[in-house]
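See below for the structure under consideration.
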Amino acid sequence: MTHFSAMSLLKNALTGHKNWRAQWPDSQPKAEYDVVIVGAGGHGLGAAYYLAKEHGITNVAVIDKGWLGGGNTGRNTTIIRSNYLYDESARLYDHALDLWENLSQDLNYNVMYSKRGVMMLAHSVHDVQSFQRHIHANRLNGVDNRWLTPAEAKKFCPPLNISPDARYPVMGAALQMRAGTARHDAVAWGYARAAAARGVDIIQNCPVIAIRRGADGAVEGVDTAKGFIRAKKVAVSAAGNTSVVMESAGVRMPLESYPLQALVSEPVKPIFPCVVMSNTVHAYISQSDKGELVIGSGTDQYTSYSQRGGLPLIEHTVAAICEVFPIFNRMRMLRKWGGIVDVTPDRSAILGKTPVPGLYVNCGWGTGGFKATPGAAHTLAWTVAKDEPHPINAPFTLERFTTGRLIDEAAAAAVAH
Amino acid sequence: MLLINCPYCEETLPELEFAYAGEAHIDRPADPSALTDEEWRDFLFIRTNARGTHFERWRHIGCGRFFNAARDTVSDRFLTTYKAGQPRPDLKEAAE
Amino acid sequence: MNRYRIPGRGRVDHDAPVSFTFDGKSYQGLRGDTVASALLANGVHLMGRSFKYHRPRGAVTAGSEEPNALIGTSRGPGRFEPNTRATMQELRQGLVTESQNKWPRLSFDIGAVNDRAYMLFSAGFYYKTFMWPRSFWDKVYEPFIRAAAGLGKSPSEEDPDTYASRYLHTDVLVVGAGPAGIAAAHSAALAGARVVLVDENSEMGGSILSDPSVRVDKAGSWTWLASRLAELRALGVRMMTRTTAIGYYHQNMVALCERLTDHLDDLPQDAPRERMWRVRAQQVILAQGALEKPLVFDGNDRPGVMLAGAAQTYLNRYGVRVGDNVAVLTSHDSAWYAAFDLADAGSRIAAIIDTRDDLRADLANAAATRGIRVLKGHTATGTKGRLRIASVRVNPVAGGRVGKPAKIACDALLMSGGWTPSLHLFSHTKGSLAWDADSKTFLPDHKTEACQIAGAGRGLWGYEAALVDGNAAGMAAVKAMGLTISEGRFEVEGDRPGTGSSQKELPTDRSAGKAKAFVDFQNDVTAKDLRLAVREGMRSIEHVKRYTTNGMATDQGKMSNINGLMIAADALGKEPPQVGLTTFRPPYTPTSFGAFAGYMRGETFQLTRKTPIDGWAEAHGAAFEPVAQWRRAWYFPQPGEDMHAAVARECRATRASVGIFDASTLGKIEVAGPDAVEFMNRMYTNPWTKLGIGRCRYGLLLGEDGFIRDDGVIGRMSPDLFHVTTTTGGAARVLNMMEDYLQTEWPDLNVWLTSTTEQWATIALNGPNARKVLEPLVDGLDLSGAAFPHMSVAECSVAGLPARLFRLSFTGELGFEINVPARHGLTLWNALMESGKAYDICPYGTETMHVLRAEKGYIIVGQDTDGTVTPQDAGLTWAIGKKKPDFVGKRSLERPDLVTSGRKQLVGLLTEDGSKLEEGAQIVLDPNQPKPMKMVGHVTSSYDCGTLGYPIAMAVIEGGHDRMGETVHIPMPGGIQRAKITSTVFYDPDGERLKA
């Protein structure tokens, strides 16, 4: 692997950039691996990287039906934060945040993790109560999160409309300064390059047809479009397609896949310094380094694998953004797109072992998977390597849907009286 | 925006007039107390999440009725809709 | 007269000069000009700076695909917009425009230093550096990168304009009013179909507007166009110009954005700026034509270098010659016609340089007739000129070898790399494309929607081909609807058919690594960048795009995608379709946020539900809070009072005498029918069979997962009728849930459900004097404690109004809730206020309601519960009908985690020092532990303005019901609070007062 640095860039610039080498090889599958990871997004590639780096397991393949990083990793609005309510969630996302902070240096790939602060707007007394609860819980968990008055929120984000006459007036905000954004593609590429450098095979355009199980019920490998690949351990990290892949191993999942839409504006000079989320009006916004306003929407109401999504939701999202930030009314939408998010009944992830020996799953991140990438990848690698969960992902079991020990962030936030 | 046929109104109307209501043909057990925790979990949470033909429920907000639909989740195209309580249709027939 | 304008030529009005400014300088154009055509008429080619290298740029197109000539446009306060395409913005009197992304000025831009460091800023350079020292990314590198990027400035004021939206249903929607679209609309309309024809330009005609020399049906093309458009109008075709089809959605819904005022000299009063149409068509005909591709060679971005088709448009449509001495570089026949038109209009054609070896004889002859020098089998290897092209360097290519260069002086260079069918909308439908190896382009393949593609969109070239194909598309569309029409015939003279070749970057004799051969002009992506991306392992076009940003500029790849694909495919040694094509996404062209938001703005952003008493509350100075979709009176401050003082007064008044509260937002559902009791038994946790007529009960509703969803008092009006109340936010959810179970699980039950939330106005009277206030107004009911005890309901007359009267209490005081038909709500309120005068009746809001109920230990679902709380957790086990075999959620209550010990349970909290707790504050057992601390619960409700004289709180605490009397700790930023766990009932625990 060519080490990236200002010096290597300069040296290559002087030789016309002819000497850069492929950041990862486009591998063909071997007959057998110690671990096969299904899904070459940030989560899957990251898990391969940590398997190699921290557990010495390098005979690993990451396979994907398309191109690496082509799913939700490359389609999300790149918000990173950890100010979740429940201890279990806060710990997992804060673990991810710790890894985000050093990820560029760790991977020798600038993922542009930008600590610009994520501000969540409270629009009702109920929101205020809910956010205060978050802030108090975060404080005792050692997670950064603080309360801002409307005036303080406006100072932090000048385009914000804090008029008390707004349909949903801003009654305050919760701010996590340590939170921010990162360059989504670079996360997939950085993990891919670093994993490949440690011997991991990345096999693209190779759809998994089925997970094969032996007579004892344990995993034997995966049947793919490029033939059978033997593996004692298989980890599924396939986001919206998880149900379909797991079904082939005889495991039915508590998941539903929904379209999630996002959009960007035309690029403009820096105007928006942070990330703002408003759950009440369902809109999320930041400004990319390129200058585009990046805006996230909610999910459409019906399950779908079409990656399309409808117009009414987008109209509502844009209206919400213009209501909270009226100066953007004359900005123009440049592009909108859809992803497929897999959602669990309690809106928290499933990350751990399954009833099938040798089969592991990482799914159900809903609309929040990108921010968890390093944390999910790191704990998934641990779980696969040791065949037992890391303490951080231990609560995120599949069994919780049997026992009722749910981690229901949505229920805790969204009930209005 | 999808167009959806309400089998009660026999009218095809835009999606805005409908609310999605989850997977169809999951009957609430007659005697839930007789179920194991696993069986009850399956009823509560386990979903087919089909990639392709999906049997699902919608509610027509206009007339208030819940009904069933078969929809292709890859193209989002409705294959057919039918009244609640009716069995899964033979889709070959519906296509004709 | 403008130096480059040809008198009388084009479709502009030569008698109507229009003044505008660009970067502070005044210019004159003509009515019908765009900003770009007017600037070109004035000899101004330099219109902008590029994104990364800040290179000087001019208009390269004459349409909506323009990547370079982006300007800021403004019209007074609040009406500024960045990144407007100068090639689309019509001139209007007094239009103010400015160039972007430059400092201090367009002709001398400090940012152009980036251009010198070109070799450093290769594709993906930022992924490889800016990592050391770590803290510099946030503070130094990123702010620098952000400031350098971004093109125009954001608007900074609120937009004074309004936007509209409409629905439209039609038989046939035709997108694109060029020859194919017009022919399609014509045949469909003749067949009797309802037809809508839209075009993004200010007038219809498409390529015909740029080709007046062609003759159709024995008339000049413009004459034919005028008569055909008149005919369409007469046939009732709805024709919409300045209307862009931005997105093609499921089941033939197409979104159109119509621009209504940006071109007008004077803003009409109260007219929307733009209107979003959501068109549902039985058949859609896509006749969007084709987009011309640039050629990729060193210096192809210099101002004065533009597409040949654009120059032809500027000449024929606007009467503007783009130069005096024009060179033409092409790989397609079409550019020859542009050269001929310009030559005939008086420009000198320095040369036609064709990359092909075999030229069409008729074109060569036509060039010879005009004395134009022709260089075949040539390449271009560079251009010169600082802010405008001065010369192009050309070399012969023979047998793959690039020969000696020659310099050709010119002040404009027209290029054509062939044409790409415009299939963006087709792509939105997930229709598939097939690579056509002959024309080296993608053509439409499998369709997913009921649509036809016509003309150049199918790779057909020339007017006759477009007209015939459009006609056929119209016929096919109406045939699908059961209509027929005979085939139309077209006689075209002077047609301009053509073919050409697509290619990667042109061959060069110089170091390819040093060439600045642009593929994506705006984002400054060069052929070299694309090859670097491939070298670095980017194997799919999606990776190449994302790594280099090719195709991600505001033209969304309209200029760059196919050229980028050809180069990437060449670098990979693959055929283009194996490398793939990036997906086109809506909108087709950038579309204002305002148009998407439409009417959803300000007061009409989302409806605000108001009760019949809302106006009274507003007139009496109420402060309001938003609750779900409602606005509710929060408290009624008197002069000088803050919220705390007002609430304290309202609490005291209610406990001491009587308070009045607007409870109309409570959800109300009538459950009626012979099986109503059975239905209630199955839905709610409580037993209902034995509830007497005229009696009420607190009802608790669970989700099937066993957690509390809603609650409310439910009255039995008759054996088969229940009056159910729900929480304000839960009304619709509860009714939906009830309907779901009734219709799909228990269709055998004979029950009807009706939402009556909006039908009843509900007013609560609470306090020891409540009966005294109410009694004089009641007819037909004995209100005495014996005759009408706590938890009773009856129908009677109140203040002469038909009423459903409940005796219940959410405050712990003697209480009544009076329901009257909503239209009488205010009448009743006024009557009660009048009757209550003698008792100093006090209106109170939601905050006082919350305080009073908390003192009594009544929960608020959603505040004291959060979707993870069971009836046992909330201390509501008494509300469960133990003998019932089943109810919604019952089975879940037996799940292992719901019966385990240590669950968080609802308790009361009293601080030891009498300080108030904060809602949401977290509770620990050991305050000295390190972070992360083990939290055992949190404060759900907390108030200090009640009537007890000390603050109270409710909380959920692990195993709380078994910890009564224990002390817990609440670590706050300012210190640790200590509180004792108590019962949740702080006030009148024996309920003497409410039974009064």
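The values are calculated or read from the model by the stated rules, or taken from the named source; none is laboratory data. The shown structure was predicted, so the numbers you read here are calculated from the model rather than taken from an experiment. Glycine also receives a Cβ, built like all others from the backbone with ideal geometry; neighbour counts cover every protein chain displayed. With ligands, DNA and RNA removed, areas are computed over all heavy atoms of the protein, side chains included. Shrake-Rupley method; radii C 1.70, N 1.55, O 1.52, S 1.80 Å.
For region C:511-583, give the percent of accessible area contributed by carbon and sulfur heavy atoms, probe 1.4 Å, rounded to a whole number.
Numbers: 790 of 1710 Å².
That fraction is 47 percent.
In region C:372-452, what trypsin sites (Lys or Arg not before Pro) fall in a loop by DSSP, with at most 13 other Cβ atoms inside 10 Å? Show your work: numbers first, answer last.
Numbers: sites: C:Arg373, C:Lys376, C:Lys384, C:Arg386, C:Arg388, C:Arg393, C:Arg401, C:Lys407, C:Lys430, C:Lys440, C:Lys447; in loops: C:Arg373, C:Arg386, C:Arg388, C:Lys430, C:Lys440, C:Lys447.
When the trypsin sites (Lys or Arg not before Pro) of region C:372-452 are filtered for loop state and at most 13 Cβ neighbours within 10 Å, C:Arg373, C:Arg386 remain.
Just the number, please: carbon plus sulfur as a percent of the accessible area of region C:42-186, 1.4 Å probe, no ligands or DNA/RNA counted.
60 percent
If you keep only loop residues by DSSP, which trypsin sites (Lys or Arg not before Pro) in region A:1-75 have at most 13 other Cβ atoms within 10 Å of their Cβ? Don't skip to the end; give the middle numbers.
Details: sites: A:Lys11, A:Lys18, A:Arg21, A:Lys30, A:Lys53, A:Lys65, A:Arg75; in loops: A:Lys18, A:Arg21, A:Lys30, A:Lys65, A:Arg75.
Of the trypsin sites (Lys or Arg not before Pro), the ones in loops of region A:1-75 whose Cβ has at most 13 other Cβ atoms within 10 Å are A:Lys18, A:Arg21, A:Lys30.
So for region B:46-96, averaging the separation of alpha carbon pairs under 8 Å that are six or more residues apart and normalising by length, what relative contact order in percent results? Don't jump to the answer; show the numbers that get you there.
Working: 69 pairs, mean separation 13.7, N = 51.
That works out to 27 percent.
From the helices alone, meaning DSSP H stretches of at least four residues, give me the mean residue ellipticity at 222 nm for chain C, per-run term -39500 (n - 2.57), in deg cm²/dmol to the nearest 500.
Details: 24 runs with 209 residues, N = 996.
So the helix-based figure for chain C works out to -6000 deg cm²/dmol.
In square angstrom, what is the accessible area per residue of region C:13-125 with a 1.4 angstrom probe? The partial results should precede the final answer.
Values: 3530 Å² over 113 residues.
Solvent-accessible surface per residue comes out at 31 Å².
If you plug each phi of region A:353-363 into the Karplus form 6.51 cos²θ - 1.76 cosθ + 1.60 with θ = phi - 60°, what whole-Hz ³J(HN,Hα) values come out, in order, with x for Gly and Pro?
The phi angles translate into 6, 10, x, 8, x, x, 10, 10, 9, 9, 7 Hz.
Between C:Trp277 and residues 5 or more places away or on another chain, which pairs have amide H atoms under 5 Å apart, with H built 1.01 Å from N, and which residues are they?
C:Arg166, C:Leu256, C:Cys257, C:Glu258
On a 25 Å Cα-Cα criterion, which of the cross-link pairs C:Lys218/C:Lys447; A:Lys65/C:Lys516; A:Lys30/A:Lys371; C:Lys52/C:Lys504; C:Lys293/C:Lys574; A:Lys53/A:Lys290 come out too long? List each step's numbers first, then the result.
Numbers: C:Lys218/C:Lys447 37 Å; A:Lys65/C:Lys516 36 Å; A:Lys30/A:Lys371 32 Å; C:Lys52/C:Lys504 23 Å; C:Lys293/C:Lys574 21 Å; A:Lys53/A:Lys290 33 Å.
Cα-Cα > 25 Å for C:Lys218/C:Lys447; A:Lys65/C:Lys516; A:Lys30/A:Lys371; A:Lys53/A:Lys290; rest within.
Looking at region C:851-896, which trypsin sites (Lys or Arg not before Pro) are DSSP coil and have at most 16 other C-beta atoms within 10 Å of their C-beta? Mind showing how you got there, number by number?
Details: sites: C:Arg853, C:Lys856, C:Lys882, C:Lys883, C:Lys890, C:Arg891; in loops: C:Lys856, C:Lys882, C:Lys883, C:Lys890.
In loop regions of region C:851-896 (DSSP not H, G, I, E or B), the sparsely surrounded trypsin sites (Lys or Arg not before Pro) are C:Lys882, C:Lys883.
Would you list which aspartates and glutamates come within 16 Å of C:Lys837, measuring only between C-alpha atoms, while excluding same-chain residues fewer than 8 positions from it?
Counting by Cα, and skipping residues close in sequence, C:Lys837 has these aspartates and glutamates nearby: C:Glu650, C:Glu775.
Taking the simple approach of a point 7 Å from Cα along Cα-to-Cβ for both A:Met1 and C:Arg489, what is their distance in nm?
Here the modelled spin labels are 7.3 nm apart.
So who's got an amide H within less than 5 Å of the one on C:Val374, skipping anything under 5 residues away but keeping other chains? H placed 1.01 Å off N, in plane.
Long-range HN contacts for C:Val374: C:Ile352.
Among DSSP beta bridges whose residues both lie in chain A, state the antiparallel percentage, nearest 5.
Values: 45 of 64 bridges.
Bridges in chain A that DSSP calls antiparallel: roughly 70 percent.
Determine the relative contact order of region C:511-583: mean sequence separation of Cα pairs under 8 Å and six or more apart, normalised by residue count, in whole percent. List each step's numbers first, then the result.
Values: 98 pairs, mean separation 22.3, N = 73.
In percent, rounded to a whole number, it is 30.
Could you tell me which helices of chain A pass both thresholds, a Cα extent of 15 Å or more along their own axis and a mean Kyte-Doolittle hydropathy of at least -0.5, with helices taken as whole DSSP H runs? All intermediate terms of the calculation are to be shown ahead of the outcome.
Details: long enough: A:42-55 (18 Å, -0.33); A:87-107 (28 Å, -0.80); A:125-141 (24 Å, -0.92); A:184-197 (20 Å, 0.21); A:311-324 (20 Å, 1.33); A:369-386 (24 Å, 0.19).
Helices meeting the span and hydropathy rule in chain A are A:42-55, A:184-197, A:311-324, A:369-386.
Taking the Cα centroid of region C:280-305 and of region A:174-216, what is the distance between the two, rounded to the nearest whole Å?
36 Å
Treating cross-link reach as a plain straight distance, find the lysines whose alpha-carbon is under 30 Å from the alpha-carbon of C:Lys916, omitting any fewer than eight places away in the same chain.
A:Lys154, A:Lys155, C:Lys856, C:Lys904, C:Lys931, C:Lys934, C:Lys980
Counting only DSSP beta bridges with both residues in chain C, tell me the antiparallel percent, nearest 5.
Values: 139 of 184 bridges.
For chain C, the DSSP antiparallel bridge percentage is about 75.
Before we go on, tell me the buried accessible area for the C/A pair, both chains summed, 1.4 Å probe, in Å² to the nearest 100.
Details: alone 41110 and 18290 Å², together 48770 Å².
In total, chains C and A hide about 10600 Å² from solvent.
So for chain C, averaging the separation of alpha carbon pairs under 8 Å that are six or more residues apart and normalising by length, what relative contact order in percent results? Walk me through the numbers on the way to the answer.
Values: 2351 pairs, mean separation 88.9, N = 996.
Dividing the mean separation by the residue count of chain C yields 9 percent.
Using helices alone, I'd like the mean residue ellipticity at 222 nm for chain A: each DSSP H run of four-plus residues gives -39500 (n - 2.57), total over residue count, nearest 500. Can you show the working numbers first?
Numbers: 11 runs with 130 residues, N = 417.
That calculation yields -9500 deg cm²/dmol at 222 nm.
Can you list the HN-Hα couplings for region A:57-66, worked out from phi with the Karplus curve (6.51, -1.76, 1.60; θ = phi - 60°), rounded to whole Hz and with x for Gly and Pro?
9, 10, 7, 10, 10, 10, 10, 9, 6, x
For every helix of n ≥ 4 consecutive DSSP H residues, a contribution of -39,500 (n - 2.57) applies; sum these over chain B, divide by its total residues, and give [θ] at 222 nm rounded to the nearest 500 deg cm²/dmol. Don't skip to the answer; put the middle values down first.
Values: 2 runs with 13 residues, N = 96.
Rounded to the nearest 500, it is -3000 deg cm²/dmol.
Go through region C:740-770 and flag every residue whose accessible area shrinks by 10 Å² or more with all protein chains in place compared to the isolated chain (probe 1.4 Å).
C:Asp740, C:Gln743, C:Thr744, C:Glu745, C:Trp746
Give the long-range amide H neighbours of C:Ala412: residues separated by 5 or more places, or on another chain, with amide H under 5 Å away, using H modelled in the peptide plane at 1.01 Å from N.
Counting only residues 5 or more places away or on other chains, the set is C:Asn325, C:Ala327.
Working out 0.36 nm times the residue gap between C:Asp266 and C:Ala480, then minus their Cα-Cα distance, what length gain in nm do you get to one decimal?
On the way: separation 214, 0.36 × 214 = 77.04 nm, distance 4.49 nm.
Going from the current span to full extension adds 72.6 nm.
Quick one: work out the % antiparallel among DSSP beta bridges in the protein assembly as shown, nearest 5.
On the way: 206 of 271 bridges.
Bridges in the protein assembly as shown are about 75 percent antiparallel.
For region C:1-26 and region C:571-620, compute the distance between their C-alpha centroids and round to whole Å.
With region C:1-26 and region C:571-620 each reduced to a Cα centre, they are spaced 38 Å.
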